[in-house]
Amino acid sequence: MTDSPAHKTDLLMDDAAVQAAIREVARQIAVGNPPSGEVLLVGIQTGGVLLARRLAELLQRQWRMTVRVGELDISMHRDDLDQRPAPEVHATVIPFDITERTVVLVDDVLNSGRTARAALDALTDLGRPRRVQLAILVDRGLRELPIQPDFVGKVVKTQPGERVVVQMSSDGAAGKVLLEKPVGR
Amino acid sequence: MRWSRKDLLDLQSLSPEEITAILDTAREFKAVGGRAIKKVPPLRGRTVVNLFVEPSTRTRISFELAAVRLSADVINFTAEASSLKKGETLKDTAKNLQALRADFIIIRHSAAGAPHFLARVLDAHVVNAGDGAHEHPTQGLLDVFTMREHKGRIAGLKVTILGDILYSRVARSNIWALQKLGAEVTLCGPPTLVPPIFREMGCRVTANLDDAVADADVVNLLRIQHERQRQTMFPSLGEYTSLFGITRDRLKKMKPDVLIMHPGPINRGVEVESDVADGVHSVILEQVTNGLAVRMAALYLINGAHGGTPEEN
């Protein structure tokens, strides 16, 4: 582990644990939804996009049908834009109609719930899904809004001030999860 | 790149990275404009004042629509209907607007530097919508955005700016943005309207139209500004058209994929023949669409420049 002067970094999940957690999320999505072709995966920029693609691969194998994947940017819908520098805007690419479909929002880490709230607003601008579900690789607790995930790979207890960093290769085939702790606590 | 400027005053002082950040952000705001619901919430609850001391319709409407699509409230303020006519100073007018809790002042003024002055005396965000012959930064940005969208890059592009350049803030903002991003800029027009001093900005200057456009990737036509007493600058509009007007015949001698641009309003039959203005090379109406996206991006970025730390996860 490389420790910066201000942080101490712990390995939270190695590659095997990450792959197991992703398979677990895919399993839960498959349990929660019939293989109807109704399910669309939408990854939240940027951390949820690779994960959504990897989950789609696993679900396609299980369901033997195409699972479509979109990308959703939530920066314009954040609730803290008057308190921070403007976040970089990434692409929203959802090349299908979400109305009357089941949309599974996918993100790597769930914390305060504010990103998920913004994602629900951003999604509403694009159509009216019949149902929206939330799939998360790592739930680190510390919720600030009444939002809970439907599908979770791993629950980790963390403290405020810590950071959970998910690193995935571009094909989603390898990854790890790190916990950065501020030094001196 | 983390945006840190409170105001958008000119392109001369922006870095290539800052210009690119605005263009990249504008790309995503353009996509918003293509949706059924064209409105997003980042400026919810904010007040934008269009302070247009010099008249303008298209730029004001574009800024107004940009602010509305970002969910801001917009007040339009024109010199004719204001206390500026009663002798109030610009500073007092602007301070009054700030006292009403205006968050953004978008200013068009005949005096170069007026937006910079306001930015120094106000806490509100200031956007330059054209100051005298100095700069029109959002026009420069939308022109460069349009070029990049069509050509995929700016570095190495050959761009010719044609016509009434002497007093043109559009030309100056184009030149700054294009040169910072690595384009080669040629200026062409009657020598009275394109003085050789522009060579000091690094531009090629010529009065020979065929020479200026032969290998151009983009030809940006500037409007002949009748209202600025142009009759002393060249003999007649007819002569201007015969020497510098873009006709179908002249278009045939240009690159097959040349882009024809114009900031509007067009003088049909003067700078450009109607068939060319409406033809396949023309992106004049796309420029209008892109102007909206660029202005949304600029307002979004400067709105966020308050410091503070981004929240994690």
Quiz prompt | the stretch A:96-185 - share of DSSP beta bridges that are antiparallel (%, nearest 5) | solution = 35
Exercise. Just report the Cα centroid separation between the stretch B:121-144 and the stretch A:5-73, whole Å.
Key: 44
Quiz item: Thinking of chain A as a set of Cα atoms, what percent of all their pairs are more than 23 Å apart?
Solution: 42
Self-check item: Accessible area buried, both sides summed, chains A and B with 1.4 Å probe, Å²
Solution: 2200
Self-check item: In Å², nearest 10: area of B:M1 left accessible to a 1.4 Å probe
Solution: 110
Quiz item: If you take the square roots of the eigenvalues of the alpha-carbon gyration tensor of the stretch A:1-90 and sort them as a ≥ b ≥ c, do you get rounded (a/c under 1.5), prolate (a/b over b/c) or oblate?
Solution: oblate
Quiz item: What does the average come to when, for each residue of peptide B:28-34, you count the partner chain Cβ atoms lying within 10 Å of its Cβ?
Solution: 3
Quiz item: What dipole magnitude, in Debye to the nearest 20, does the stretch A:10-67 give about its Cα centre under +1 on Lys/Arg Cβ and -1 on Asp/Glu Cβ?
Solution: 280
Quiz item: What angle do you read, to the nearest 10 degrees and between 0 and 90, between the alpha-carbon axis of helix A:114-124 and the longest principal axis of chain A?
Solution: 20
Quiz item: What relative contact order, as a whole-number percentage, does chain B give when Cα pairs under 8 Å and 6 or more residues apart are counted?
Solution: 21
Quiz item: Rounded to the nearest 10 Å², what accessible area does B:T206 show when all protein chains are kept and the probe is 1.4 Å?
Solution: 20
Quiz item: Label points 7 Å out from Cα along the Cβ direction at B:R5 and B:K39: separation in nm?
Solution: 2.9
Quiz item: Which of the lysines could a cross-linker bridge to B:K86, judged by Cα under 30 Å and excluding same-chain residues fewer than eight apart?
Solution: B:K95
Quiz item: Counting only other chains, what is the mean number of Cβ atoms within 10 angstrom of the Cβ of each residue in peptide A:122-135?
Solution: 1
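Within 10 Å of each Cβ in peptide B:289-301, how many partner chain Cβ atoms are there on average? Round it to a whole number, please.
Per-residue shielding by partner chains comes out at 1.
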Quiz item: How about the stretch B:230-282: which trypsin sites (Lys or Arg not before Pro) there lie in a loop by DSSP and see at most 16 other Cβ atoms within 10 Å?
Solution: B:K253
Quiz item: Where both residues lie in the protein assembly as shown, what percent of DSSP beta bridges are antiparallel, nearest 5?
Solution: 20
Quiz item: B:L237: accessible area at probe 1.4 Å, nearest 10 Å²?
Solution: 70
Exercise. Using Cα centres only, tell me the gap between the stretch B:1-51 and the stretch B:181-212 in whole Å.
Key: 30
Quiz item: Mind listing which GluC sites (Glu not before Pro) in the stretch A:77-185 are in a DSSP loop and have 14 or fewer other Cβ atoms within 10 Å?
Solution: A:E100, A:E144
Quiz item: Could you give the nm distance between label points at A:R27 and A:Q148, where each point is 7 Å from its Cα heading toward the beta carbon?
Solution: 2.1
Self-check item: Expected 222 nm ellipticity per residue - DSSP helices of 4 or more, -39500 (n - 2.57), all of the protein assembly as shown, to 500
Solution: -10000 deg cm²/dmol
Exercise. Kindly report the accessible area of chain A per residue (heavy atoms of protein chains, probe 1.4 Å, no ligands, DNA or RNA), in Å².
Key: 46
Exercise. List the relative contact order of the stretch B:137-286 as a percent without decimals, with contacts defined as Cα pairs under 8 Å and 6+ residues apart.
Key: 23
Quiz prompt | Carbon + sulfur, % of accessible area of the stretch B:137-286 - ligands and nucleic acids excluded, 1.4 Å | solution = 54
Quiz item: For q = 0.10, 0.12, 0.15, 0.20 Å⁻¹, what log10 I(q)/I(0) does the stretch B:137-286 give under the Debye formula with an equal point scatterer on each alpha carbon and no solvent?
Solution: -0.29, -0.42, -0.69, -1.32
Quiz prompt | Ranking by accessible area, most exposed first, for A:T158, A:T66, B:T89 with a 1.4 Å probe | solution = A:T66, B:T89, A:T158
Quiz item: With no solvent and one point per C-alpha, what does the Debye sum give as log10 I(q)/I(0) for chain B at q = 0.08, 0.10 Å⁻¹?
Solution: -0.36, -0.56
Quiz item: Going by accessible area, probe 1.4 Å, with all protein chains left in place, what is the ranking of B:L285, B:L122, largest first?
Solution: B:L285, B:L122
Quiz item: Put B:I154, B:I61 in order of accessible area, largest first, 1.4 Å probe: what do you get?
Solution: B:I61, B:I154
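The values are calculated or read from the model by the stated rules, or taken from the named source; none is laboratory data. Keep in mind it's a predicted model, so treat the numbers as computed, not measured. With ideal geometry, Cβ positions are generated from the backbone for all residues, glycine too; neighbour counts draw on all protein chains shown. Protein only, heavy atoms only, side chains kept; ligands, DNA and RNA dropped before computing areas. Shrake-Rupley method; radii C 1.70, N 1.55, O 1.52, S 1.80 Å.
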